[in-house]
Each structure stands twice: as structure tokens, then as C-alpha cells.
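The values are calculated or read from the model by the stated rules, or taken from the named source; none is laboratory data. Treat the numbers as computed from the prediction; the structure is a model and nothing was measured. For neighbour counting, all protein chains shown are included, and Cβ atoms are generated from backbone atoms with ideal geometry for every residue, glycine included.
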Amino acid sequence: MFKQLKKANQNDYLLITATLILLVVFNLSLLSYVQDRQRATERDQAQALATGFSRTLKGEMKNALTLTTTLKELVLAGRGKVSNFSLVAKDLLKEHPAASSLQLAPKGKVTQIYPLKGNEAGKINLMTDPVRGPLCRYGITHQVTVTQGPIKLKQGGYGLAMRTPVYLVNSGKKKFWGFAIVVMKVPQTFSSTAANLKAAGYSFELKKQVSPLDSSYKVVMRQGKLHEPISYSFTSSDGSRWLLKVAPKNGWNYNKQGWFLGYIVIIDFAIAGLMLWVISRRISGRILEKEATLDPLTQALNRQGFDWRLKSLSSKKQPATTVIMLDIDDFKSINDVFGHQTGDAVLVQLTKNLKQCFGPSAIIGRNGGDEFVIALAGGMDKNRDQIKRLSSMEQEVNFGRDVIPFSVSIGYSEFPGQAKDYEEALKFADAALYEVKIAGKNNFASYKSSLSGKKHHNQLGLGLRALAAGDPTPLMVIQLKSREAIYVNKSLLELFGCELSAEFYDYYGQTLLNLLSPGDRDRVEEEFTDFTTSAEDEERFRTDCQIMTADARTLRVRCDMKYSVNQRYGVLVYISFILS
């Protein structure tokens, strides 16, 4: 893996940089997400805990209120007179150790207190007291129990004074009798809640609204320090408003990030390893792609690589693309005379010349042998000067002490101007190259629409095109099913008095009879039909006949036919004409 990284390019380093940035962002996002989730979970748990403890607090307040209710029932049972108050109060205090004292206040004046010792100062007129009076009058008016406090107790500590108004019914009318009063000690009243919160590992603070007439809150009890506490407000059965705040005694876990750093380190190592693996795979893929798409000799694209690049160019829907096909004139002779190493040097030099002539944006490929294909952005008119410059360039290669000159023949077309796709553009460029070969090589030509009427171009590939200018025997190839002449060589054109293959194709008109003198047409047609009906692959047939040339000359020839089955084009008939 690390050996591969030595071959990293600028894009790879950009990928590494981007990955590191994403890794930092990922770490921060992950940490924030986990922290937020942990925070939500912990605070939800604390909220549920506060809700549960508030129920306990309500229960403890309700228990305290039962004392005032009991005193109230004693007053009602005695029609306003309570006998044995001290004995009853003593028993009630034994059952409720959180209560500090029990009191009765007929007409709002405290007359009985248990225990009296230490509480003597409590015998006051509540209605005239500046602190207690307003609240007592509120309780009478609304006929509700009022709780005041926390207040400082004479015997020490703090307490809550709960005053329940008592009404006697006389002749169907309710008449205020006075108050049944319980003073609860704090924090003893809430000892159960305090113990449970402590056991759960929470610090807390309990506040109470001073009274219905005073919206401010006072602390009833507190334990430990609070950091970012959860607050929960509730109302007890006596109508008092409370506020409970809780927070973990040792702080929230979501604020302690150390526990998560180990996970982040593990994830970072995993992502870094994955990143190195991806970079290594990219480099390996690039090397494999280069090996798969480049010609090892010239370093031009091979046919597969050229097709991929041209399809990519085609998919971008550029306004126009010029497609060029070229080959080296008489390349076989160079190999035969100077050797294949010289031929290889010529191919390498030609590739350099192509890159120099067309620039870095050109797509240059080697089809095989000495055939090259090039794709240029823009139409034929835009690229004609560059093509002309390549054709006129003095091309040579130094091999040892020898300087080997060579030339090229070039055909080109464009799509979408002429061809519907790049594959058809290649065929059209091939047809134009074929015309250059027939016309004498070392030149260039664009594809002309006259060549497309009947697909008159070399469909058989490099082998036949190489023979086009050099085979002394006039030769044509017919596709039997369509009777279309798909190949003619230069010697045949000269025999029939034609300069271009397109001219011959028009003269031939897809029937062999147009080439024969009228007296031989029926006989040769019958012989041709008999031969092709029963012939097998590689079978041959000869006949003598007279042909009619395009310039009206009559020539006697020996016609040699060969039946051939081609995997791509079906049945082909090769016909050579030899002057008698």
C-alpha cells in the first residue's frame, strides 16, 4: 500500500487533504451529536426523576394537611369547643414527628398551642398581625388552606405554617369559627424526598412561593451544588406553588468528553486506514487503466482507450468533433527493408509528431499496425489547417546512422455534422483515407457525401486498404446478398476508366451486368448464379467474357471468381479481371 502512495499525484493529495478536513468535521459532528444525544438522555432521566420526586413531595404535604383536617373535625364535632386538646395533639404529634406544633385560633386569635413550652409567643391575634393578617383574610375569603413560609421558628430552624379555616353551620348558615393550624418543621417534612434524591446521586434545591399574595420564592431546603439543573414546578394539594431543581451530584456525564475520545481515536484510525486503501486503489486503478488503454510501444491510446475517450467526448455533446484516420505509406516496405525495430521507431516518432501538431487536447490512438486515429474538438473547417500542416510535414526518424523518411495518408470527417455518431464518423474518415490511398498516397482528404450513398468505402479493414494502391490485378469484392461492391482497388479503377471509386460505384449500380458487354450478360449472369448457388467457402470459378468500360471501350478478359464466407459480412465474392 505504502509503495503505491509514492506514485500519488496532485489529485490524490487533494483527496487526502479533503479527507482529513472531512475527518475533522466528522469528529466534531460526531462528538456534538453524541454529546447532544447524551445530554438529551441524561436530562430526560433527570426530568423524569424530578417529576417522580414531586409526587413524593405532594404526598408529604398531603400528610401534613391531614393534621389540620383532624383538628378541623375535632372543632366541628365539639360545635366549636375542643376538650382534651393537649391529649389529642400529643397523640397526633407522635404519629407525625415532622410537625412542630398544633394550634387552634378561634376568631383568628391563637388560644391553644401544643406543646406550649417554647411556643408561648405564638399566642397572637392573626387577624391583626401585619405579616399573617392579609394571608389569613385571603384564606377566609377563599375558604382555602393557606401555607405560609418558610418562617423562622422560635425554637430554632424553619417551618411551614398551614392554616385551615373552620366554618360552623348554624340555622343553615356557615359562620367562620377560626383556624386549625399545623406548623411543619423543615426539612423534616421532606426527609423522604431528600433521602431518595441523595441516594440517586442528585443535588437539589426546593423552593416555595411565599404565599398566594407574594409571588416570590424562598428556599425550603437545599443539598449540594447545582450545575445546569433541571427545573420542575408543581402545585401541592393546599394550592402552594413549588419549584424543584435537580442535577447530578458529580456533574452531567455529557460534559465529560474523555470517555468518548477513545471511540473517536478508533474511528479515526479506521477512516485513515480506509482513506489509504482508497488512495492505493485509485493509484492501482490508474496504473491498470493506463496499461489497459495505452499502446505500450507509442504510449498513444489503444483502440479500447480511444473508444472510451471518444464516447466520453461524444456524451458531452460538443458542437462538433473532427475524427481523423491515417496510416504510414508503404510501412510494410520500411519493415521489410530496415527491420521491425526501425518500423517501431517510425511509429514512436509519428506519435510524437501527432502530439506536437495537434496539441495536448487531441485524443490520439493507435488502432494497430501503422494505423492511427485522432479526435479534435471543432469541425473540419476549424482543423483543416492543422491536418494540412501534418500532411506537408517532413517526417523522418533517425535510426542508428540511417535517416528514414516517411509520409502519411490522412482521411477525416466530423460528427454530428456528417455522421450521426462517432462510430460512423470513423467509417467516414476511413472511406476518405481509402480515396487518398487510391489517388496516390501522401495526401489528405475529407469525407464527401458522395461516398455515403451506398456506403462506398472500405468495410474490410486494413488488409484490403493496404493493397488498394499496389495490387496489379484488378480486383473487386461483392457482398452476395446485396450485390453491393464493397471494395475495388486502383488497378480495377484504371481498367474501367474511372478516377475515383465513387465514380466506379455509380457506374456499377449494384449489378454485375453493367460491367459486361450486352452479348455476354445473360450467359455470365447464369454462370454466376449457378456458381454462387452451390459454391462452398474458398471455391473458385473462371470464365471468359467482354467488359464495357466507363469510357465505352470493350475489352476481353478472363474473369476469376472466388466464393468466401466472412463472419462479419456474410458471403463475399472476390472477382479479378485479367486481360486476355
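The table for this structure:
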{"item": "Tally, over the stretch 394-408, of residues that are modelled with pLDDT of 85 or more and among the small types (Gly, Ala, Ser)", "result": "1"}
{"item": "Test: TYR138 is more than 21 Å from LYS109 (Cα to Cα) and touching a Leu at 6+ places or on another chain (Cβ under 9 Å)", "result": "no"}
{"item": "Residues of the stretch 120-135 that turn out to be in a loop (DSSP other than H, G, I, E, B), out of contact with any helix residue (DSSP H, G or I) (no Cβ under 9 Å at 6 or more places or on another chain) and within 13 Å of VAL110 (Cβ to Cβ), as a count", "result": "4"}
{"item": "Verdict on GLU526 being out of contact with any strand residue (DSSP E or B) (no Cβ under 7 Å at 6 or more places or on another chain), in a loop (DSSP other than H, G, I, E, B) and exposed (fewer than 15 other Cβ atoms within 10 Å of the Cβ)", "result": "no"}
{"item": "Helices (runs of 4 or more DSSP H) (entirely within the stretch 1-112) containing at least 2 residues that are surrounded by fewer than 12 Cβ atoms within 10 Å (Cβ to Cβ) and among the small types (Gly, Ala, Ser)", "result": "10-77"}
{"item": "Meets criteria (in contact with a Cys (Cβ under 8 Å, 6 or more places away or on another chain) and surrounded by fewer than 19 Cβ atoms within 10 Å (Cβ to Cβ)) for ARG540", "result": "no"}
{"item": "Sole exception among (1) over 20 Å from LEU67 (Cβ atoms); (2) of a type in the set (Gly, Ala, Ser); (3) modelled with pLDDT of 85 or more for ALA180, by number", "result": "(1)"}
{"item": "Filtered residue count, the stretch 153-162, keeping only those that are more than 21 Å from GLN143 (Cα to Cα) and assigned to a strand (DSSP E or B)", "result": "2"}
{"item": "Candidate set from the stretch 470-500 (those that are among the basic types (Lys, Arg) and outside any helix (DSSP H, G or I)); member that is surrounded by the most Cβ atoms within 10 Å (Cβ to Cβ)", "result": "ARG483"}
{"item": "Matching option when the condition is among the charged types (D, E, K, R), at pLDDT below 90 and over 41 Å from the mean Cα position of the chain (by Cα), among ASP307, ASP336, ASP344", "result": "ASP336"}
{"item": "Of residues in the stretch 372-422 being among the polar types (S, T, N, Q), outside any strand (DSSP E or B) and free of Cβ contacts under 8 Å to residues at least 60 places away in the same chain, the one farthest from LEU326 (Cα to Cα)", "result": "GLN418"}
{"item": "Residues of the stretch 548-564 classified as in contact with a helix residue (DSSP H, G or I) (Cβ under 8 Å, 6 or more places away or on another chain) and more than 29 Å from GLU536 (Cβ to Cβ), total", "result": "4"}
{"item": "Within the stretch 423-452, tally of residues that are modelled with pLDDT under 85 and either of a type in the set (Gly, Ala, Ser) or in contact with a Leu (Cβ under 6 Å, 6 or more places away or on another chain) (or both)", "result": "5"}
{"item": "Hits in the stretch 534-580 - residues which are assigned to a strand (DSSP E or B) and among the small types (Gly, Ala, Ser)", "result": "SER564, GLY570, SER576"}
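A quick yes/no check of all residues on (1) closer than 16 Å to GLN103 by Cβ; (2) small (Gly, Ala, Ser):
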residue	(1), (2)
GLY118	yes, yes
MET127	yes, no
PRO134	no, no
VAL144	no, no
GLY149	yes, yes
TYR167	no, no
GLY172	no, yes
PHE190	no, no
